[in-house]
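First comes the structure, then the notes that go with it.
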Number of protein chains: 4
Amino acid sequence: MVRIAANWRPAKGSSMAEKDKTNVSKTTSIGIDVGGTKTRLVLLDGNLQVLEDIKIKTPKIRQEFEEELTKPVRRFLKRSKEEDFKVSAVGVGFAGTIDHERATIKSAPNLPDLVGLSFRELLQDLCKCEVAALNDVHAALYGEIKVGKAAGCKDVIAIFIGTGIGGAVAIGGKLHFGSSGEAGNIGHYLLHAFGPLAGSERHGVLDDFASRLAIAGTAATFAAKGWAPHLLESVGTDVKNIKSAAFADAMRSGDKAIEELVRSRMQIVGIVLSNIVDFLSPEIIVLGGGVTDAMPELVCAEVMAGIQAHSTASSLRDLKVVAARHAGLAVTIGAAKFALDVKKS
Amino acid sequence: MVRIAANWRPAKGSSMAEKDKTNVSKTTSIGIDVGGTKTRLVLLDGNLQVLEDIKIKTPKIRQEFEEELTKPVRRFLKRSKEEDFKVSAVGVGFAGTIDHERATIKSAPNLPDLVGLSFRELLQDLCKCEVAALNDVHAALYGEIKVGKAAGCKDVIAIFIGTGIGGAVAIGGKLHFGSSGEAGNIGHYLLHAFGPLAGSERHGVLDDFASRLAIAGTAATFAAKGWAPHLLESVGTDVKNIKSAAFADAMRSGDKAIEELVRSRMQIVGIVLSNIVDFLSPEIIVLGGGVTDAMPELVCAEVMAGIQAHSTASSLRDLKVVAARHAGLAVTIGAAKFALDVKKS
Amino acid sequence: MVRIAANWRPAKGSSMAEKDKTNVSKTTSIGIDVGGTKTRLVLLDGNLQVLEDIKIKTPKIRQEFEEELTKPVRRFLKRSKEEDFKVSAVGVGFAGTIDHERATIKSAPNLPDLVGLSFRELLQDLCKCEVAALNDVHAALYGEIKVGKAAGCKDVIAIFIGTGIGGAVAIGGKLHFGSSGEAGNIGHYLLHAFGPLAGSERHGVLDDFASRLAIAGTAATFAAKGWAPHLLESVGTDVKNIKSAAFADAMRSGDKAIEELVRSRMQIVGIVLSNIVDFLSPEIIVLGGGVTDAMPELVCAEVMAGIQAHSTASSLRDLKVVAARHAGLAVTIGAAKFALDVKKS
Amino acid sequence: MVRIAANWRPAKGSSMAEKDKTNVSKTTSIGIDVGGTKTRLVLLDGNLQVLEDIKIKTPKIRQEFEEELTKPVRRFLKRSKEEDFKVSAVGVGFAGTIDHERATIKSAPNLPDLVGLSFRELLQDLCKCEVAALNDVHAALYGEIKVGKAAGCKDVIAIFIGTGIGGAVAIGGKLHFGSSGEAGNIGHYLLHAFGPLAGSERHGVLDDFASRLAIAGTAATFAAKGWAPHLLESVGTDVKNIKSAAFADAMRSGDKAIEELVRSRMQIVGIVLSNIVDFLSPEIIVLGGGVTDAMPELVCAEVMAGIQAHSTASSLRDLKVVAARHAGLAVTIGAAKFALDVKKS
C-alpha cells in the first residue's frame, strides 16, 4: 500500500467548485479505479480535491481482492470521521463491464475471478452511503464532462490508451451506454475491412497494435535487434517491464526507432478515430491512459494528425483533441462524481 | 413526370395511425426526396398514407430545379384544396447537408448548383405551412423511428446504400446531428487503417467499394470479361445503365459472379458496421437505399453476417438488422413526419 | 481486316541486324499476336523489320478463328512468294497458356472455345516452315531480350498492362517457364496478405486494380459522378469504350481525377513489383501493353516510384525500368524471333 | 564452446554418398554457419557426414570474432591431421550479404562490426585449402539441391524462418544471385500493397510478422495478458527467452493462443509465397530455420495451406513444400558442399 501526496488541484474558479462550495464543505467522497494490474483509491473533499491517494496491486483472487480493497476504504472512513467529514458517496471505475443497477461486475477480461462481485454489497454497509460502479473509461469521461476538459460539451468521445485501449462516448452531455451497456468499445476495432483471412480473428484489431502492451511487444523486438539501445539498457526486453514511461524515456534518450513506433501507433489510433469522427461528429476527443499520461503532447498531436488526414472538413471544423485534465486520477474523480450525482438524482 | 399509384400501407393498428386519427383526418402533408438523379414527391394523408406519388428527374440547374420542383407541389396543393384537405407541412429530405435553421442546402456533392437554395423560401409562401428540410438519410431514419421498423427503439443506426452510401444515427430516440450537423457520414469510412500510401486519399473508402455505382463499375468489367452474361445481355457494360434492379435480375438469371460481387460488397458494409456497432451498441440497424430495396433479404443477411463475424458478443446479443419499412418511400415519409413534428413543437 | 503501313525500325546497328544480315536477306517470318479482343499479324523481313501489318478482331468461335487467322497468313505467303522471299518461321504469341511441345493452347481465359487448338497443325502445312507458339508476354520478353531494350541483359522481368496484366521473367538471359510452363503470372498477385475475408477470393488481386479494364470500371464511375467531364464527353460511361488512349486524352484535357486514378494504379504495380524485385533482383524491368503504350513516360515513372519506395537499396542500385522498344509490335516480333531461334536450335 | 555428438546421417544410398565414396574417403571439409547470435562449425567427412559439431556465441566485435572463430577451426585441423584426413575446403554461410569473389562480408544487419571481413583472408592461410563464403540461406539451398530434399530439382525456393526470415531461389538447378548478388530477400516483402500510410515504412513487412522474433513479441504480450499460461510459466515475457522450441512446448502443453498465433503467422508466409509461386512456378519449396526445425509438420502444413488458398491451379499442380533434410545443419553442410564444388570447378 503506497500513499501519495495529493498534488492535483482543479482549475481555479471551475464552475463546479464555486457553485457547490457551501453545501459540500464538510463532505468527502471516495473514488476507486480498479485496473487489471493496479488499483488506485482516493479520498476527495467536497470540491473533488484529493485528500489522500493510495495505490495497491490488484489481487486476482476474489476473496483477497475484497480484503485488500476494503483496507484503504476503512482508512478513508476513519480519517473522515476523525476530521469530522461525512462520506457522501463511493464511486468505482472498473476495467470491465458493469451492471449499473446492482453495481456488479459483468465481465472482466483480466480479472475473471471477480465476475459477479457487487461493489454495492461489498461497500455499502461499510460506508453507509451511495455506492455506484461503472466502466473505468465511462467514469473518466463522466469526470471530464462534469469537471474536466469537456465541461459544457455535448458530444464527446474519450479514448484511453493504457495496457489495453478503451473508449466511451457522450451524446447531448450524457454518457451513452447503448443497448449492451458497454458502448465505447474501440479496442476490438478491426483495422482492415477486407482481404484474405490468415488465422485468428483476434489479430488485427486496434488493441493488437496501439495498446501499451502491443507497443511494448514490438519495442521489445526492437531492443533485441539492437535498434533501441536506450530502451534495452533501461528496461530490457521483457514486455512486463516496458511501461509507458519507458517509451518516453527511451525517446528522450534518442531511440529514434521507439519514437517512430509510438508515433505511428498513435497515428493509427487517429486514423481509426477519423471514421468514428465522421460518423458521430463530436466536439471534443479526450485522451487518457498511461501512454497519454506519459507523453500527452505527442499522443494528442499524432492522434489529431491521423484524424485530420482522413476526416471530412465539416467534422474537423470545430473538433478539439485534448489530454484528460485529471490524467492518472481521471477514473477515480469521475467515478466519485458519478456516485455523488447518482445519489442526488 | 411519372405518376405512380400509391401502394404503401402502414401496418394495421400501428400506434401512430390510431392515436392521431381524429385530429388529422382532414389534413395532408407533402414529403419530398431530392436525390442526385431523381426526385420523388408524395402527397400523404393524415395517417401518412400515400395519396399521390410523382417522380421527376432532378434538374441540375438551380432555376430549372426550382421550377420543376414546384410543379408537382402545386398539383398536390390543388388536389388537397379540391378534396377539402388542409396541407399541414412540407418536409424535404435532401442528398446533401442542410442548415436546419433555415432549411437551406449547405453542400450537395452531386448537385453543386443548388448550394444556398432555401427550401423554406421556395415553398413556404406557396404552401402556407411549415417547411422543414434535412439530410435524406436523417429523414428516413426519423420516419423509421416514428412510424417504421425502429418505432420504440432508442439507439438506432440507418445505412442507405444507393448511388452512394449514407448513414444516420439516433441516440435515446432522437436524431443525432453532431457538432457538424452532419453526423452519420459513413461513405467516407476508410477501409484499411494502415499500410503504404498509393496515390489518392480518395480511394479506399466505403463508398468506393459498396455503393451502387462502385458495384456497377466492377460489374461492368465482369460483363466485359464474359463473367456475367446475363447482365451483359440485359443492360450491357455502361455503368449508367447498371441499376440495383439489374443486379437482382442478373443474379436470378444465374450470374454467379454478380451474386458473389454483391454479397461480398454487402458483407464489407457489415464488417465496417461491426466497428460502429461495438462503439455505439445500437438496438437496431435499418437498411435502405436502392440496393437494399432491390434485394432486401440478401442485403440484410450479408450485412448481418459481416457484423456477426467481428462484433463482440455483448453488442450482438439484442441487435437486429432490418430493411426500412417504407423502402423507396422512406425519405419522403420521414421528411413529412419530421416537418409535422417540427410544426407541433 | 485493317492494313497498317509499317513504321517500326530497329535501332541502327543493333547486333542482331548486323550479324545475321547475309544469310537472312531473302527470308521473311510471320509474327502473330492473338489477344482476347484483337489479333495482329505482321510479315517481317530478315532483319525483323515490318513489311506488312494486319489487325483483325479475334473471333471467339474456333472454326471462325481458324478461318480468319489463315486469311492474312495466306496473303503474307502470297506476297513473300511474289517478291521471292522464303518464309522461314511463324511465331504466335497467345493471351493464355501454351503447350510449347505441340504449340497447343492449354488455357485461354477470354477465348475458352480455342482450348486445344494447335497452331502447328493449323499453320505448318500451309506455311511449310517452323511454327512455334508461346504466351504473349513470354513472346514479348523474348523479343526484348534478343532485339529490344533488354538486349544483353541476364535477369529481366516484363510486365504488360493491357486489358489484363501479364508478366514474364528471364534468368541468365533465358526465358524462365517454371514447373507449370506459365511462370510470370502476376495478374493474380494478392494485394493484401492478411485481414478478414470478405466474400470472393477473386477480388483483391492486381488484375482487379491495375488492368486497363479495372481502371476503366472506376473511371466510368468517376465520369458518372461528374468527376471526369472530359472522359464523359469523349467516351462516356461504358467500360467497353474506355480504352487506354481515352485515359491519356482525358488527362491531357484536364481530368485530374483520371490522372490521379491512373497514376495511383500504376504505382500499385510498382509496389507489387518491389516485392518481386527484392526476391529476384533483376537488372531491368520492361513494361508494355496498351496502358504503357498510351502513356509510356507516366507509366514508367509511377512504376519506378512504387518500386523505389519499398525495395532495398541493393536491389535498386542498378535497376532500370523501361517501356518495351517494340511497343504494340512487341508480341509479334518476339514470337517471330522465338520461332526463328527454335528452328535454328 | 559446446560440443555435440553428431547425429545426422544422410539417407542411405543417397547418390552423392555412393558416387564419391572412393576418391573422397580420406578428405574432410569444414562447414560454418555464422548467425546473428550463434555460430555453428562442423567437421564433415568425405560423405558430408558430421564428425564433430561445435556451437559458439557469435562475438559482436570483429577482433574477438576472428579469434573465437579460428579456435574450433584449429581444433578441426588438428583432428584431421591426427586421423590422417586432408581438409579439402572450408565453406561459410553468413547471415548477411557476401561478395563471392573475395568471400568478404558486404552487409550484416545484426553484426555491423564485421562488414569488410574476408573469410578467405582469415582462413585460407590457416587451412591451406579453398575457402568460400555465401549468404546462409543461399548456402542451405545449395546443400538441399545437391544432397538434400531438392536433389534433382530445377526450380527451387528456400525460405528460412528464424530470428529473421530469409530466402533463396534456384533456377535450372543453379543458385540465382541476381543483379545485386542478394536475390531471395523476402523478409522485406510488403504485406499490404495499398492503403493510407501510418508512420514508418519499416513496419508492415513479412519479417515484422512472421520471424521468430516478431512472433515472440506478440507471444510475450499474450503471456502478459494471461492468454498463454504455459509459455508464461516456462519462459516468461522476455522476448529474448522466447525461442522457437518454447512455442512448440507451449503448444504441446495446451496454449491454444500460441498455437493459433504460430499457425496464423506461418499461413501468412504461405500467402506471401503464393504470389512468388505464381510468378516463378517452382517445383519445390524447402523450409528451414529455427521455427521450422522446432515444428516442421505444422510449419509445412500452414505454409502449404496459405499457398493453396491463393495460387493458381497450374502453379500448384506439381508443387511440394518440405522441411530441409539437414535441419539445423543445413547451412553448414550447404556451405561446405559449395566450397568443395567451387574448388572442383
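The values are calculated or read from the model by the stated rules, or taken from the named source; none is laboratory data. Quantities reported herein were computed from a predicted structural model and do not represent experimental measurements. Every residue, glycine among them, receives a Cβ derived from its backbone with ideal geometry; neighbour counts consider all protein chains shown.
If the requirement is being at pLDDT 95 or above, β-branched (Val, Ile, Thr) and crowded, with 23+ Cβ neighbours inside 10 Å, which of these qualifies: A:Ile165, A:Ile186, A:Ile159?
On the way: A:Ile165 fails: at pLDDT 95 or above; A:Ile186 fails: at pLDDT 95 or above.
Residue meeting the stated conditions: A:Ile159.
Residue count for segment B:304-345 satisfying the condition of being among the basic types (Lys, Arg) and over 17 Å from the mean Cα position of the chain (by Cα): 4. C:Met304 meets all of the listed conditions (1) under 30 Å from C:Val50 (Cα atoms); (2) in contact with a strand residue (DSSP E or B) (Cβ under 6 Å, 6 or more places away or on another chain); (3) of a type outside the set (Phe, Trp, Tyr) but one, namely (1).
Is it fair to say B:Ala140 is among the aliphatic types (A, V, I, L, M) and either closer than 23 Å to B:Lys86 by Cα or touching a Cys at 6+ places or on another chain (Cβ under 8 Å) (or both)?
Numbers: among the aliphatic types (A, V, I, L, M): yes; either closer than 23 Å to B:Lys86 by Cα or touching a Cys at 6+ places or on another chain (Cβ under 8 Å) (or both): no.
When the stated conditions are applied, B:Ala140 does not pass them.
Among what's in segment B:51-109 and is out of contact with any Pro (no Cβ under 9 Å at 6 or more places or on another chain) and among the small types (Gly, Ala, Ser), pick the residue that is farthest from B:Val34 (Cα to Cα). This residue is B:Ser80.
Of all the criteria given as (1) assigned to a loop (DSSP other than H, G, I, E, B); (2) closer than 15 Å to B:Val331 by Cβ, the one not satisfied by B:Arg102 is (2).
Among the residues making up segment A:69-86, those that are over 24 Å from the mean Cα position of the chain (by Cα) and either of a type outside the set (Ser, Thr, Tyr) or more than 18 Å from A:Gln124 (Cβ to Cβ) (or both) are A:Arg74, A:Arg75, A:Leu77, A:Lys78, A:Arg79, A:Lys81, A:Glu82, A:Glu83, A:Asp84, A:Phe85, A:Lys86.
Of all the listed residues (B:Gly289, B:Gly236, B:Gly254), the sole one being away from chain C (no Cβ under 14 Å), over 23 Å from the mean Cα position of the chain (by Cα) and either touching a residue at least 24 places away in the same chain (Cβ under 8 Å) or at positive phi (or both) is B:Gly254.
Answer yes if at least one residue in segment C:120-132 is under 21 Å from C:Ala183 (Cα atoms), in contact with a strand residue (DSSP E or B) (Cβ under 7 Å, 6 or more places away or on another chain) and not in a helix (DSSP H, G or I), and no otherwise. Lay out the reasoning, then the answer.
Going through segment C:120-132, the residues under 21 Å from C:Ala183 (Cα atoms) turn out to be C:132.
Filter once more, keeping what is in contact with a strand residue (DSSP E or B) (Cβ under 7 Å, 6 or more places away or on another chain): C:132.
If we keep only those that are not in a helix (DSSP H, G or I) as well, we get C:132.
Scanning segment C:120-132, I find at least one residue that is under 21 Å from C:Ala183 (Cα atoms), in contact with a strand residue (DSSP E or B) (Cβ under 7 Å, 6 or more places away or on another chain) and not in a helix (DSSP H, G or I), so the answer is yes.
Could you tell me whether C:Ala220 is within 13 Å of chain B (Cβ to nearest Cβ) and in contact (Cβ under 8 Å) with a residue 12 or more places away in the chain? Lay out the reasoning, then the answer.
Working: within 13 Å of chain B (Cβ to nearest Cβ): yes; in contact (Cβ under 8 Å) with a residue 12 or more places away in the chain: yes.
Here the answer is yes, as C:Ala220 does meet what is asked.
Hey, can you tell me all the residues within segment B:54-79 that are aliphatic (A, V, I, L, M) and part of a helix (DSSP H, G or I)? Residues satisfying the conditions are B:Leu69, B:Val73, B:Leu77.
Could you list all residues from segment D:120-138 that are closer than 12 Å to D:Ala89 by Cβ and either in contact (Cβ under 8 Å) with a residue 60 or more places away in the chain or of a type in the set (Ser, Thr, Tyr) (or both)? Answer for segment D:120-138, where residues must be closer than 12 Å to D:Ala89 by Cβ and either in contact (Cβ under 8 Å) with a residue 60 or more places away in the chain or of a type in the set (Ser, Thr, Tyr) (or both): D:Cys127, D:Cys129, D:Glu130, D:Val131, D:Ala132, D:Ala133. Within segment A:141-155, the set of residues being in contact with a Leu (Cβ under 7 Å, 6 or more places away or on another chain) and buried (at least 24 other Cβ atoms within 10 Å of the Cβ) comprises A:Leu141, A:Tyr142. Among the residues making up segment D:267-288, a single one is at pLDDT 95 or above and over 23 Å from C:Ser180 (Cα atoms): D:Gly288.
Checked against the criterion of being under 30 Å from D:His138 (Cα atoms) and away from every other protein chain (no Cβ under 14 Å), segment D:274-286 has at least one qualifying residue.
Just one of (1) at the interface with another protein chain (Cβ under 7 Å from one of its Cβ atoms); (2) at pLDDT 75 or above fails for C:Ser211. It is (1).
Being of a type outside the set (Phe, Trp, Tyr), within 12 Å of chain A (Cβ to nearest Cβ) and over 25 Å from A:Glu283 (Cα atoms) is the requirement here; does B:Cys153 meet it?
Details: of a type outside the set (Phe, Trp, Tyr): yes; within 12 Å of chain A (Cβ to nearest Cβ): yes; over 25 Å from A:Glu283 (Cα atoms): yes.
Answer is yes for this residue.
Evaluation of B:Thr332 against the conditions (1) buried (at least 24 other Cβ atoms within 10 Å of the Cβ); (2) within 14 Å of chain C (Cβ to nearest Cβ); (3) over 25 Å from A:Gly204 (Cβ atoms) shows that the sole unmet condition is (2).
Per-residue answers, yes or no, for (1) crowded, with 21+ Cβ neighbours inside 10 Å; (2) out of contact with any strand residue (DSSP E or B) (no Cβ under 9 Å at 6 or more places or on another chain); (3) β-branched (Val, Ile, Thr):
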{"residue": "A:Thr37", "(1), (2), (3)": "no, no, yes"}
{"residue": "A:Arg40", "(1), (2), (3)": "yes, no, no"}
{"residue": "A:Ile61", "(1), (2), (3)": "no, yes, yes"}
{"residue": "A:Lys78", "(1), (2), (3)": "no, yes, no"}
{"residue": "A:Lys81", "(1), (2), (3)": "no, no, no"}
{"residue": "A:Phe85", "(1), (2), (3)": "no, no, no"}
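If you go through segment D:87-94 one residue at a time, do you hit one that is hydrophobic (A, V, I, L, M, F, W, C), modelled with pLDDT of 95 or more, more than 27 Å from C:Ile157 (Cα to Cα) and within 17 Å of the chain's Cα centre (by Cα)? So far as segment D:87-94 goes, yes, one or more of its residues are hydrophobic (A, V, I, L, M, F, W, C), modelled with pLDDT of 95 or more, more than 27 Å from C:Ile157 (Cα to Cα) and within 17 Å of the chain's Cα centre (by Cα). Residue-level check: of (1) modelled with pLDDT of 95 or more; (2) closer than 30 Å to D:Asn241 by Cβ; (3) within 10 Å of another protein chain (Cβ to nearest Cβ), D:Ala139 misses just (3). Among residues of segment B:169-189 that are more than 8 Å from chain A (Cβ to nearest Cβ), those with a Cβ under 6 angstrom from a residue that is aromatic (Phe, Trp, Tyr), sequence gap 6+ or separate chain, pair up as B:Leu175/B:Tyr142.
State yes or no: is C:Thr163 in contact with a Leu (Cβ under 6 Å, 6 or more places away or on another chain) and more than 17 Å from C:Ala330 (Cβ to Cβ)?
Judged against the criteria, C:Thr163 is not a match.
Here is the figure for segment A:139-170: residues that are in contact with a Pro (Cβ under 9 Å, 6 or more places away or on another chain) and within 18 Å of A:Val342 (Cα to Cα) total 2. Of the set (1) out of contact with any strand residue (DSSP E or B) (no Cβ under 9 Å at 6 or more places or on another chain); (2) small (Gly, Ala, Ser); (3) within 12 Å of chain A (Cβ to nearest Cβ), all apply to D:Ala313 but (3).
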